Amino acid sequence: MSETDASEAVPITVYTREDCSLCEVARETIEEVAADLDVAIDLDMVDVDEDPELAEEYGERVPYVLVDGHPAFKYEVDERELRLKLLAAS
């Protein structure tokens, strides 16, 4: 297997807010599952409070997770489902 470069990394966006404990758990789960599967990810943590449009769209509905550009999880990341999504996207 060749070494993975950034272009092969699966993009993951997590819409978050400051002091969001669920967001931290989501981030840890994503990082652990990706490492376990040896799948490269490009993790982007986006604070919705820094953008009025995002704050209006997501507000309290964080974490909201996109995997490979597709809505994947809201509030909680399901480890098993994340494994399937990462494998499908990689």
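The values are calculated or read from the model by the stated rules, or taken from the named source; none is laboratory data. Remember, predicted model here, so these are calculated numbers, not experimental data. No Cβ is skipped: glycine too gets one built from the backbone with ideal geometry, and neighbour counts run over all protein chains shown. Calculation scope for accessible area: heavy atoms of the full protein, side chains included, ligands and nucleic acids excluded. Shrake-Rupley method; radii C 1.70, N 1.55, O 1.52, S 1.80 Å.
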Normalised Cα Rg of the range 1-70, dividing by 2.2 N^0.38 Å with N its residue count, works out at 1.20
Under a 1.4 Å probe, counting only protein heavy atoms, Val25 has an accessible area in Å², nearest 10, of 80 Å²
The extension gain from Glu8 to Asp49, computed as 0.36 nm times the residue separation minus the Cα-Cα distance, is 11.8 nm
If one compares the long axis through the Cα atoms of helix 21-37 with the longest principal axis of the Cα atoms of the chain, the angle in degrees, nearest 10, works out at 10 degrees
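For the chain, what does the accessible surface come to per residue with a 1.4 Å probe? Please give it in Å². Display every interim value, and only then the final one.
Details: 5840 Å² over 90 residues.
Using a 1.4 Å probe on heavy atoms only, each residue of the chain averages 65 Å².
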Computed over the chain: longest principal axis from alpha-carbon atoms vs helix 79-89 long axis, angle to nearest 10 degrees, is 60 degrees
So for R0 = 30 Å, FRET eff. of Asp19-Asp42 from the Cβ-Cβ r, to 0.05, ends up at 0.75
Site Leu84, offset 7 angstrom along Cα→Cβ, radius 18 Å on amide nitrogen, limited to the range 12-44, gives 30, 33-34, 37
